[in-house]
(Lines give C-alpha, C1' and ligand atoms only; values in the text may rest on other atoms or scores of the structure.)
Protein backbone atom coordinates (compact mmCIF):
# COMPACT_ATOMS: atom_id res chain seq x y z
CA UNK A 1 0.00 0.00 0.00
CA UNK A 2 1.40 3.36 -1.04
CA UNK A 3 1.99 6.20 1.41
CA UNK A 4 -0.88 8.17 -0.14
CA UNK A 5 -3.24 5.24 0.41
CA UNK A 6 -2.00 4.84 4.00
CA UNK A 7 -2.65 8.52 4.74
CA UNK A 8 -6.17 8.42 3.31
CA UNK A 9 -6.95 5.23 5.21
CA UNK A 10 -5.59 6.73 8.43
CA UNK A 11 -7.74 9.83 7.96
CA UNK A 12 -10.87 7.70 7.60
CA UNK A 13 -10.04 5.64 10.70
CA UNK A 14 -9.31 8.76 12.76
CA UNK A 15 -12.60 10.39 11.78
CA UNK A 16 -14.51 7.30 12.89
CA UNK A 17 -12.60 6.68 16.11
CA UNK A 18 -12.33 10.25 17.41
CA UNK A 19 -16.06 10.95 17.02
CA UNK A 20 -16.83 7.86 19.11
CA UNK A 21 -14.62 8.97 22.03
CA UNK A 22 -16.77 9.92 25.05
CA UNK A 23 -14.20 10.69 27.77
CA UNK A 24 -10.95 12.52 28.21
CA UNK A 25 -9.16 9.25 28.83
CA UNK A 26 -10.30 7.85 25.47
CA UNK A 27 -9.20 11.03 23.70
CA UNK A 28 -5.78 10.81 25.34
CA UNK A 29 -5.41 7.17 24.30
CA UNK A 30 -6.34 7.99 20.68
CA UNK A 31 -3.87 10.87 20.63
CA UNK A 32 -1.09 8.50 21.64
CA UNK A 33 -2.28 6.02 19.00
CA UNK A 34 -2.06 8.54 16.15
CA UNK A 35 0.58 11.02 17.33
CA UNK A 36 2.72 9.02 19.77
CA UNK A 37 6.39 9.92 19.29
CA UNK A 38 7.56 6.33 19.13
CA UNK A 39 4.79 4.22 17.63
CA UNK A 40 2.06 6.65 16.60
CA UNK A 41 0.41 5.58 13.33
CA UNK A 42 0.75 9.02 11.67
CA UNK A 43 4.25 9.39 13.07
CA UNK A 44 5.25 6.05 11.57
CA UNK A 45 3.84 6.98 8.13
CA UNK A 46 5.62 10.34 8.15
CA UNK A 47 8.92 8.64 8.90
CA UNK A 48 8.51 6.65 5.67
CA UNK A 49 8.16 9.76 3.49
CA UNK A 50 11.93 9.82 3.01
CA UNK A 51 11.70 6.55 1.08
CA UNK A 52 9.12 7.91 -1.38
CA UNK A 53 10.50 8.67 -4.86
CA UNK A 54 11.54 12.28 -5.22
CA UNK A 55 8.91 13.14 -7.82
CA UNK A 56 6.10 11.96 -5.46
CA UNK A 57 7.32 13.68 -2.30
CA UNK A 58 5.60 17.06 -2.90
CA UNK A 59 2.15 15.50 -3.25
CA UNK A 60 2.78 13.09 -0.35
CA UNK A 61 4.04 15.92 1.91
CA UNK A 62 1.06 18.10 1.04
CA UNK A 63 -1.42 15.30 1.84
CA UNK A 64 0.43 14.42 5.04
CA UNK A 65 0.11 18.02 6.29
CA UNK A 66 -3.58 18.09 5.40
CA UNK A 67 -4.27 14.81 7.20
CA UNK A 68 -2.31 15.92 10.25
CA UNK A 69 -4.20 19.24 10.42
CA UNK A 70 -7.58 17.56 9.91
CA UNK A 71 -6.96 15.00 12.65
CA UNK A 72 -5.75 17.67 15.07
CA UNK A 73 -8.90 19.70 14.36
CA UNK A 74 -11.02 16.61 15.03
CA UNK A 75 -9.30 16.18 18.39
CA UNK A 76 -9.90 19.82 19.27
CA UNK A 77 -13.61 19.64 18.40
CA UNK A 78 -14.15 16.36 20.26
CA UNK A 79 -12.29 17.58 23.37
CA UNK A 80 -14.52 20.65 23.56
CA UNK A 81 -17.61 18.48 23.09
CA UNK A 82 -16.54 16.09 25.87
CA UNK A 83 -15.81 19.04 28.19
CA UNK A 84 -19.20 20.61 27.55
CA UNK A 85 -21.02 17.29 28.07
CA UNK A 86 -19.15 16.75 31.35
CA UNK A 87 -19.90 20.28 32.49
CA UNK A 88 -23.59 19.98 31.67
CA UNK A 89 -23.79 16.67 33.51
CA UNK A 90 -22.13 18.13 36.60
CA UNK A 91 -24.34 21.20 36.58
CA UNK A 92 -27.42 19.01 36.29
CA UNK A 93 -26.34 16.89 39.26
CA UNK A 94 -25.43 19.91 41.41
CA UNK A 95 -28.38 22.11 40.63
CA UNK A 96 -30.21 23.69 43.56
CA UNK A 97 -33.94 23.53 43.98
CA UNK A 98 -34.67 27.14 44.87
CA UNK A 99 -38.19 26.21 45.96
CA UNK A 100 -36.87 24.27 48.98
CA UNK A 101 -36.93 26.07 52.37
CA UNK A 102 -33.61 27.66 53.31
CA UNK A 103 -31.37 26.70 56.21
CA UNK A 104 -31.14 29.49 58.81
CA UNK A 105 -27.70 30.22 60.17
CA UNK A 106 -27.62 31.83 63.57
CA UNK A 107 -25.86 35.20 63.48
CA UNK A 108 -22.78 35.52 65.65
CA UNK A 109 -22.93 37.58 68.82
CA UNK A 110 -20.34 39.39 70.88
CA UNK A 111 -19.62 37.52 74.10
CA UNK A 112 -20.82 39.16 77.31
CA UNK A 113 -17.27 39.79 78.49
CA UNK A 114 -16.21 41.42 75.23
CA UNK A 115 -19.40 43.46 75.13
CA UNK A 116 -18.81 44.67 78.69
CA UNK A 117 -15.18 45.49 77.98
CA UNK A 118 -16.17 47.45 74.88
CA UNK A 119 -18.68 49.50 76.84
CA UNK A 120 -16.09 50.32 79.51
CA UNK A 121 -13.54 51.31 76.86
CA UNK A 122 -16.01 53.56 75.08
CA UNK A 123 -16.83 55.45 78.29
CA UNK A 124 -13.16 56.17 79.05
CA UNK A 125 -12.31 56.94 75.43
CA UNK A 126 -14.96 59.61 75.64
CA UNK A 127 -13.06 61.07 78.63
CA UNK A 128 -9.84 61.25 76.64
CA UNK A 129 -8.16 58.04 77.78
CA UNK A 130 -6.09 55.94 75.39
CA UNK A 131 -6.05 52.13 75.48
CA UNK A 132 -2.75 50.31 76.01
CA UNK A 133 -1.84 46.67 76.51
CA UNK A 134 0.99 44.85 78.26
CA UNK A 135 2.54 41.39 78.69
CA UNK A 136 0.65 38.64 80.50
CA UNK A 137 3.94 37.10 81.67
CA UNK A 138 5.56 39.62 84.01
CA UNK A 139 8.64 39.93 86.18
CA UNK A 140 8.36 40.17 89.94
CA UNK A 141 9.59 43.75 89.68
CA UNK A 142 6.76 45.01 87.45
CA UNK A 143 4.02 42.95 89.11
CA UNK A 144 5.00 43.77 92.70
CA UNK A 145 8.15 45.71 93.59
CA UNK A 146 7.64 48.73 91.33
CA UNK A 147 4.08 48.95 92.70
CA UNK A 148 5.37 49.41 96.26
CA UNK A 149 5.04 45.73 97.16
CA UNK A 150 8.54 44.52 98.18
CA UNK A 151 9.40 40.85 98.61
CA UNK A 152 8.44 40.52 102.29
CA UNK A 153 5.47 42.86 102.21
CA UNK A 154 2.41 41.25 103.89
CA UNK A 155 0.10 42.60 101.18
CA UNK A 156 1.51 40.01 98.75
CA UNK A 157 -0.91 37.60 100.37
CA UNK A 158 -3.67 39.55 98.57
CA UNK A 159 -2.41 38.15 95.26
CA UNK A 160 -1.84 34.38 95.27
CA UNK A 161 0.08 34.25 92.00
CA UNK A 162 1.14 31.69 89.42
CA UNK A 163 4.95 31.80 89.52
CA UNK A 164 6.94 30.39 86.62
CA UNK A 165 10.74 30.41 86.68
CA UNK A 166 13.58 32.89 87.05
CA UNK A 167 11.43 35.54 88.69
CA UNK A 168 8.63 35.35 86.13
CA UNK A 169 4.93 34.96 86.86
CA UNK A 170 1.55 35.24 85.19
CA UNK A 171 0.47 38.78 85.99
CA UNK A 172 -1.98 38.94 88.86
CA UNK A 173 -3.13 42.48 88.01
CA UNK A 174 -3.04 44.85 85.06
CA UNK A 175 -1.55 47.49 87.41
CA UNK A 176 1.85 46.37 86.12
CA UNK A 177 1.08 48.18 82.86
CA UNK A 178 1.21 51.47 84.79
CA UNK A 179 4.93 51.00 85.28
CA UNK A 180 5.60 50.05 81.66
CA UNK A 181 3.79 53.15 80.41
CA UNK A 182 5.28 55.62 82.92
CA UNK A 183 8.82 54.35 82.25
CA UNK A 184 8.42 55.22 78.57
CA UNK A 185 6.28 58.36 78.75
CA UNK A 186 6.60 61.67 80.54
CA UNK A 187 3.48 63.19 82.11
CA UNK A 188 0.72 63.83 81.33
CA UNK A 189 -0.39 60.18 81.23
CA UNK A 190 -4.02 59.18 80.74
CA UNK A 191 -4.53 55.50 79.92
CA UNK A 192 -6.67 52.45 80.53
CA UNK A 193 -5.22 48.98 80.20
CA UNK A 194 -7.55 45.99 79.72
CA UNK A 195 -6.32 42.41 79.79
CA UNK A 196 -6.31 38.96 81.36
CA UNK A 197 -4.98 38.31 84.84
CA UNK A 198 -4.26 35.09 86.72
CA UNK A 199 -4.49 34.15 90.41
CA UNK A 200 -4.51 30.89 92.28
CA UNK A 201 -8.07 31.28 93.48
CA UNK A 202 -10.37 28.38 94.28
CA UNK A 203 -13.06 28.31 91.63
CA UNK A 204 -16.52 29.11 92.97
CA UNK A 205 -19.51 31.29 92.08
CA UNK A 206 -17.51 34.53 92.42
CA UNK A 207 -13.88 33.49 91.78
CA UNK A 208 -12.00 32.06 88.83
CA UNK A 209 -8.27 31.52 88.28
CA UNK A 210 -8.39 33.50 85.01
CA UNK A 211 -10.21 36.81 84.79
CA UNK A 212 -10.14 40.21 83.07
CA UNK A 213 -9.25 43.57 84.55
CA UNK A 214 -9.24 47.13 83.30
CA UNK A 215 -6.69 49.36 84.95
CA UNK A 216 -6.86 53.15 84.67
CA UNK A 217 -4.17 55.73 85.32
CA UNK A 218 -3.94 59.53 85.15
CA UNK A 219 -0.77 61.42 86.11
CA UNK A 220 -0.24 65.15 85.68
CA UNK A 221 0.40 68.28 87.69
CA UNK A 222 -2.12 69.22 90.38
CA UNK A 223 -4.24 66.05 90.09
CA UNK A 224 -6.42 65.65 93.20
CA UNK A 225 -8.74 63.10 94.78
CA UNK A 226 -11.63 65.25 93.57
CA UNK A 227 -10.53 64.57 89.99
CA UNK A 228 -10.62 60.85 90.76
CA UNK A 229 -14.13 61.11 92.22
CA UNK A 230 -15.43 63.15 89.31
CA UNK A 231 -13.97 60.76 86.74
CA UNK A 232 -15.42 57.65 88.35
CA UNK A 233 -18.80 59.28 88.90
CA UNK A 234 -18.93 60.03 85.17
CA UNK A 235 -17.96 56.44 84.45
CA UNK A 236 -20.70 55.07 86.71
CA UNK A 237 -23.32 57.19 84.99
CA UNK A 238 -22.05 56.29 81.51
CA UNK A 239 -21.90 52.59 82.31
CA UNK A 240 -24.92 52.03 84.55
CA UNK A 241 -27.25 54.95 83.84
CA UNK A 242 -27.42 58.70 84.37
CA UNK A 243 -29.25 58.39 87.72
CA UNK A 244 -26.46 56.45 89.41
CA UNK A 245 -24.90 57.73 92.61
CA UNK A 246 -21.43 56.80 93.82
CA UNK A 247 -19.88 56.36 97.24
CA UNK A 248 -16.21 56.04 98.19
CA UNK A 249 -15.32 53.86 101.18
CA UNK A 250 -11.79 53.96 102.66
CA UNK A 251 -9.69 50.94 101.71
CA UNK A 252 -6.07 49.84 101.33
CA UNK A 253 -3.92 49.14 98.30
CA UNK A 254 -0.11 49.24 98.48
CA UNK A 255 0.25 51.31 95.31
CA UNK A 256 -2.28 54.06 96.19
CA UNK A 257 -2.60 56.39 99.17
CA UNK A 258 -5.28 57.26 100.08
CA UNK A 259 -7.24 54.31 98.68
CA UNK A 260 -10.96 53.78 98.30
CA UNK A 261 -13.48 51.21 97.18
CA UNK A 262 -15.96 52.68 94.72
CA UNK A 263 -19.61 51.85 95.33
CA UNK A 264 -22.58 52.60 93.08
CA UNK A 265 -26.21 52.58 94.20
CA UNK A 266 -27.88 49.37 93.03
CA UNK A 267 -29.24 49.77 89.53
CA UNK A 268 -31.52 46.77 90.01
CA UNK A 269 -33.47 47.93 93.05
CA UNK A 270 -32.57 51.65 92.86
CA UNK A 271 -30.93 51.47 96.28
CA UNK A 272 -33.87 49.86 98.10
CA UNK A 273 -32.11 46.55 98.72
CA UNK A 274 -32.21 43.27 96.80
CA UNK A 275 -30.26 40.04 96.38
CA UNK A 276 -27.88 41.65 93.84
CA UNK A 277 -26.72 44.29 96.34
CA UNK A 278 -27.20 41.94 99.31
CA UNK A 279 -29.91 44.25 100.62
CA UNK A 280 -27.41 47.06 101.23
CA UNK A 281 -28.53 49.27 98.35
CA UNK A 282 -24.92 49.63 97.19
CA UNK A 283 -22.64 47.59 94.89
CA UNK A 284 -18.84 47.68 94.90
CA UNK A 285 -17.53 48.09 91.35
CA UNK A 286 -13.79 48.84 91.66
CA UNK A 287 -10.82 49.87 93.76
CA UNK A 288 -9.11 53.23 93.37
CA UNK A 289 -6.80 55.78 94.94
CA UNK A 290 -4.08 58.37 94.50
CA UNK A 291 -0.87 56.94 93.08
CA UNK A 292 1.60 56.33 95.91
CA UNK A 293 4.66 58.62 95.85
CA UNK A 294 6.94 55.55 95.99
CA UNK A 295 5.44 54.31 92.71
CA UNK A 296 6.07 57.70 91.07
CA UNK A 297 9.71 57.68 92.27
CA UNK A 298 10.21 54.14 90.93
CA UNK A 299 9.52 55.36 87.39
CA UNK A 300 11.50 58.58 87.69
CA UNK A 301 8.61 60.99 88.30
CA UNK A 302 8.98 63.75 90.86
CA UNK A 303 6.12 63.30 93.39
CA UNK A 304 6.58 66.91 94.48
CA UNK A 305 5.62 68.01 90.97
CA UNK A 306 3.30 65.26 89.73
CA UNK A 307 0.35 63.50 91.29
CA UNK A 308 -2.08 61.02 89.86
CA UNK A 309 -4.83 58.54 90.48
CA UNK A 310 -5.38 54.92 89.50
CA UNK A 311 -8.36 52.59 89.49
CA UNK A 312 -9.02 48.98 88.56
CA UNK A 313 -12.10 46.88 88.03
CA UNK A 314 -12.88 43.27 87.24
CA UNK A 315 -14.68 42.98 83.92
CA UNK A 316 -16.40 39.77 85.02
CA UNK A 317 -17.79 41.53 88.08
CA UNK A 318 -19.16 44.38 86.02
CA UNK A 319 -20.68 41.89 83.56
CA UNK A 320 -22.28 39.90 86.38
CA UNK A 321 -23.79 43.07 87.82
CA UNK A 322 -24.93 44.35 84.44
CA UNK A 323 -26.62 41.09 83.41
CA UNK A 324 -27.70 39.97 86.92
CA UNK A 325 -25.59 36.79 86.87
CA UNK A 326 -25.01 34.85 90.08
CA UNK A 327 -22.14 32.59 88.96
CA UNK A 328 -18.92 33.72 87.27
CA UNK A 329 -18.37 30.28 85.77
CA UNK A 330 -21.15 30.69 83.21
CA UNK A 331 -19.00 33.34 81.49
CA UNK A 332 -16.33 30.74 80.68
CA UNK A 333 -18.30 27.55 80.00
CA UNK A 334 -19.51 28.53 76.50
CA UNK A 335 -22.87 26.90 77.10
CA UNK A 336 -24.90 27.80 74.02
CA UNK A 337 -28.15 27.65 75.98
CA UNK A 338 -26.87 30.37 78.29
CA UNK A 339 -25.35 32.52 75.56
CA UNK A 340 -28.54 32.39 73.48
CA UNK A 341 -30.32 34.34 76.20
CA UNK A 342 -28.26 37.40 75.36
*Do the conditions hold for residue 66, that is, is it at pLDDT 80 or above and more than 30 Å from residue 88 (Cα to Cα)?*
yes
*Taking helices (runs of 4 or more DSSP H) that fall entirely within segment 287-342, which contain at least 3 residues that are farther than 29 Å from residue 257 by Cα and either out of contact with any helix residue (DSSP H, G or I) (no Cβ under 8 Å at 6 or more places or on another chain) or touching a residue at least 60 places away in the same chain (Cβ under 8 Å) (or both)?*
336-339
*Please verify whether segment 156-163 includes one or more residues that are in the same structural domain as residue 223 (by TED's automatic domain parsing), surrounded by 14 or more Cβ atoms within 10 Å (Cβ to Cβ), under 20 Å from residue 298 (Cα atoms) and out of contact with any helix residue (DSSP H, G or I) (no Cβ under 8 Å at 6 or more places or on another chain).*
yes
*Identify all residues within segment 39-56 that are assigned to a loop (DSSP other than H, G, I, E, B) and either at pLDDT below 75 or over 60 Å from the mean Cα position of the chain (by Cα) (or both); write none if there are none.*
39, 52, 53
*Enumeration of residues in segment 11-35 that are in a loop (DSSP other than H, G, I, E, B) and loosely packed, with under 14 Cβ neighbours inside 10 Å*: 22, 23
*asked:* Give me the residue from segment 127-142 that is assigned to a helix (DSSP H, G or I) and modelled with pLDDT of 90 or more and, out of that set, surrounded by the fewest Cβ atoms within 10 Å (Cβ to Cβ).
replied: 141
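The values are calculated or read from the model by the stated rules, or taken from the named source; none is laboratory data. The model shown is predicted, which means the values in this text are computed figures rather than measured ones. So basically every Cβ, Gly included, is an ideal-geometry build from the backbone, and we count neighbours across all protein chains shown.
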